[in-house]
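Worksheet: one structure, shown below.
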Amino acid sequence: MIATEPKASIKGGEFLIKETDASQVFIPEEFTEEQQMIAATCREFLEREIWTRLDEIDTAKSPELISSLMDKAGELGLLGTGVPEEYGGFGMNFNTSMLVAEVTGAGHSFSVALSAHTGIGTLPIVYYGNDDQKSKYLPKLATGEWKAAYCLTEPDSGPDANSGKTKAVLSEDGKNYVLNGQKMWITNGGFADLFIVFAKIDDGTGKPDKNLSAFIVEKSYNGITMNEPEHKMGIKGSDTRQMFFNDTLVPVENLLSDRGNGFKIAVNILNIGRIKLGVAAIGGSKEVLNHAIRYSNERKQFKTPISEFGAIKHKLAEMALKIYASETASYRAGQNIDDAIEDLKAQGKSDVSAKLIALEQFAIECAMMKVHGSEVLDYVADEGVQVYGGMGYSADAPMDRSYRDARINRIFEGTNEINRMLVVDMLLKRAMKGELNLMGPAMAVAKEIMSIPDFNTEEEEGIFVAEKKALRNLKKAALMVAGAAVQKFMTNLSSEQEILMNVADMAIEIYVAESILLRVEKLTGIRGEAAVELQKQMALVYLHEAIEKVNNAGRAAITSFAEGDELRGMLMGLKRFTKIEPMNLKDARRQIADAMIAENKYIF
């Protein structure tokens, strides 16, 4: 058995080498009445203010509409979720702020504006601002009196944010930084009152700092111009601009954190943005599925609702179980972050320091859930179009907007390709630093595949005994492939991007499959097995599909670098580690679909 750890000692990335007990995970069914009321407030706001005006939002010729809707959200406190109470916010814990992100994630263009303001626009000041900066800006941002935007990306920088060319030079009197440069893809740019701008400080020598610095720039400062809103494939109501800073004077007291600390700020804020984007995508997915279920009950072919056809049931069930699994893994990670924060504070760390350390600790999980959630939404939106058939392609039906708006999420907060490579890079770096013992278990797995399989089984009790064994084997498969790739390529592994993405896919599926099993196991203990039969079916179907994905990704990686006996041995090991007793997946999916069809909505 892999050792289990108490909650407070769980570290990011350890899911690959340690077994988690169901009692250690948070499940959405444990949200308190207060948290559920917050979620209900968010949903009521969408129903009242957003969903009835989606066309108007998308076709608005100016940013005033989104700005006015942000004002209304501010009146309800939705802009102050992550702002400490002493600065006029609610100071919600991480998982509660995740819940807000999930529900509002169904708000299409509005949700983009909201998340940009509350996340990357406000949190840099929450986490890195000094007392004066927090006192001056956070109360205005928490209420929506001021709106925020985040200016990092430049035309030539792409994912390499630290290569930006925007410069800041200290003025002769030492009172201001003179800012010059261009930024692009700036969400909320047209109506924001405050910008978090990243630039490299140059002492006048023509050789700017190696690392970025961050500045708080007010709209009223001189020399700020912008282009007209970008014409985009989706999220058309989101105000996105190119911005230009031409000898813009920024008071020296508006340097955020220390000189050269901007890249670290960007990375840590993006960690938050990634996992919240992932869970927001799940909020959008649920709404798409609700539309698809309702339409399948209304639409008739051959005098029969299409919801009675097996092909449609398959689609609805697949959409549901992917949503359920991704939601589960996201809140598992969110609670891990909350637990780490409380543990660090108990050790004497300040609130801000504890949050930053905890978020960095679980950066691996944040990247994984960004990838998974955004790809679930893409899948759900695509299948939603298919359920609608010809009407799905009509701009008069809801799937048109959902399909177009979903696509950006695989690009936002770092492309999914970049995030996949980050997952493996962070795992390996922690292993090299001795923070994560990956190589020991990987070497043990390498020895195991050369030995005769042990058919002796220990007596285990409880739900999912066989499935947990299958999960342990999936972890062995990932360790086997990753360990062999490291030995083969050593420091050149970073250039083998295809293999890195294969290993990341294995890790992501393992984490999500484990999460859904643990959720259902914990729920069984609360409600009894009979009451969670449908959830159990979802967990089993997801695990079977995850095993197939791990096998495919593992095979793709192995055949990319192994030859001869090594190739044959690893493929045999992969086959051994991706076995599970077959089950009737069709019937399981039909049970899941039938329950939703009967209720005319997503019910989990």
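If you take the residues of region 32-63 that are of a type in the set (G, A, S) and more than 22 Å from P229 (Cβ to Cβ), which of them is surrounded by the most Cβ atoms within 10 Å (Cβ to Cβ)? Explain how you work it out, then say what you get.
At the first step, the residues of region 32-63 found to be of a type in the set (G, A, S) are 39-40, 60, 62.
This time we only want the ones that are more than 22 Å from P229 (Cβ to Cβ), so: 39-40.
Details: A39: 19, A40: 11.
Out of the qualifying residues, it is A39.
Which one of these is surrounded by 21 or more Cβ atoms within 10 Å (Cβ to Cβ), among the basic types (K, R), farther than 21 Å from Y602 by Cα and under 13 Å from the mean Cα position of the chain (by Cα): K370, K355? Full working, then the answer.
Details: K355 fails: under 13 Å from the mean Cα position of the chain (by Cα).
Just a single option satisfies the conditions, and that option is K370.
Hey, among E102, E86, which residue is of a type in the set (D, E, K, R), within 17 Å of the chain's Cα centre (by Cα) and part of a helix (DSSP H, G or I)?
Details: E86 fails: within 17 Å of the chain's Cα centre (by Cα).
Testing whether each residue is of a type in the set (D, E, K, R), within 17 Å of the chain's Cα centre (by Cα) and part of a helix (DSSP H, G or I) leaves just E102.
Out of the strands (runs of 3 or more DSSP E) lying entirely within region 180-273, which hold 2 or more residues that are surrounded by 18 or more Cβ atoms within 10 Å (Cβ to Cβ) and modelled with pLDDT of 95 or more? Walk me through it before giving the result.
On the way: elements: 194-202, 213-218, 224-226, 240-251.
Output list reads 194-202, 213-218, 240-251.
Quick one: in region 161-179, of everything that is in contact (Cβ under 8 Å) with a residue 60 or more places away in the chain and not in a loop (DSSP other than H, G, I, E, B), which residue is nearest to G414 (Cα to Cα)? Even if it seems obvious, please write down each step before you answer.
Keep residues of region 161-179 that are in contact (Cβ under 8 Å) with a residue 60 or more places away in the chain, which gives 161-162, 166, 168, 170-171, 174-179.
The next check asks that each one be not in a loop (DSSP other than H, G, I, E, B); those that pass are 161-162, 168, 170, 176-179.
Values: A161: 10, N162: 13, A168: 25, L170: 31, N176: 32, Y177: 29, V178: 29, L179: 25 Å.
Ranking the candidates gives A161 first.
Identify, please: which residue in region 1-30 is in contact with an Asp or Glu (Cβ under 7 Å, 6 or more places away or on another chain) and of a type in the set (D, E, K, R) and is, among those, modelled with the highest pLDDT?
Ranking the candidates gives K18 first.
Looking at Y295, is it within 24 Å of the chain's Cα centre (by Cα), part of a helix (DSSP H, G or I) and not basic (K, R)?
Values: within 24 Å of the chain's Cα centre (by Cα): no; part of a helix (DSSP H, G or I): yes; not basic (K, R): yes.
Taking the combined requirement at face value, the residue does not satisfy it.
Test A149 against the criterion of being surrounded by 21 or more Cβ atoms within 10 Å (Cβ to Cβ), touching a helix residue (DSSP H, G or I) at 6+ places or on another chain (Cβ under 7 Å) and either β-branched (V, I, T) or closer than 23 Å to G223 by Cβ (or both), and give yes or no.
Details: surrounded by 21 or more Cβ atoms within 10 Å (Cβ to Cβ): yes; touching a helix residue (DSSP H, G or I) at 6+ places or on another chain (Cβ under 7 Å): yes; either β-branched (V, I, T) or closer than 23 Å to G223 by Cβ (or both): yes.
Spelling it out, A149 is indeed surrounded by 21 or more Cβ atoms within 10 Å (Cβ to Cβ), touching a helix residue (DSSP H, G or I) at 6+ places or on another chain (Cβ under 7 Å) and either β-branched (V, I, T) or closer than 23 Å to G223 by Cβ (or both).
What pairs come up if the first residue lies in region 281-292 and is acidic (D, E), the second is buried (at least 23 other Cβ atoms within 10 Å of the Cβ), and their beta carbons are under 7 Å apart, counting only those six or more places apart or on different chains?
Filtered contacts from region 281-292: E287/A106.
Which condition number in (1) of a type outside the set (S, T, Y); (2) surrounded by fewer than 23 Cβ atoms within 10 Å (Cβ to Cβ); (3) touching a helix residue (DSSP H, G or I) at 6+ places or on another chain (Cβ under 7 Å); (4) not in a helix (DSSP H, G or I) is the one that K313 fails?
(4)
Being in contact (Cβ under 8 Å) with a residue 60 or more places away in the chain, part of a helix (DSSP H, G or I), more than 21 Å from I580 (Cβ to Cβ) and basic (K, R) narrows it down to one of R472, R519, R430, so name that one.
Values: R472 fails: more than 21 Å from I580 (Cβ to Cβ); R519 fails: more than 21 Å from I580 (Cβ to Cβ).
It is R430.
Just checking, how many residues over region 347-357 are touching a residue at least 60 places away in the same chain (Cβ under 8 Å) and not basic (K, R)?
Restricting attention to region 347-357, the residues satisfying the condition of being touching a residue at least 60 places away in the same chain (Cβ under 8 Å) are 351-352, 355-356.
This time we only want the ones that are not basic (K, R), so: 351-352, 356.
Selection size over region 347-357: 3.
Does V423 meet the test of being in a helix (DSSP H, G or I) and under 25 Å from the mean Cα position of the chain (by Cα)?
Details: in a helix (DSSP H, G or I): yes; under 25 Å from the mean Cα position of the chain (by Cα): yes.
Here the answer is yes, as V423 does meet what is asked.
Hey, does region 64-76 have a residue that's part of a loop (DSSP other than H, G, I, E, B), buried (at least 17 other Cβ atoms within 10 Å of the Cβ) and of a type outside the set (A, V, I, L, M, F, W, C)?
Going through region 64-76, the residues part of a loop (DSSP other than H, G, I, E, B) turn out to be 76.
Then keep just the ones that are buried (at least 17 other Cβ atoms within 10 Å of the Cβ); that gives none.
No, region 64-76 has no match at all.
The values are calculated or read from the model by the stated rules, or taken from the named source; none is laboratory data. Everything numeric here is computed off the predicted structure, so don't read it as measured data. Methodologically, a virtual Cβ is constructed for each residue, glycine included, from the backbone with ideal geometry; neighbour enumeration extends over all protein chains shown.
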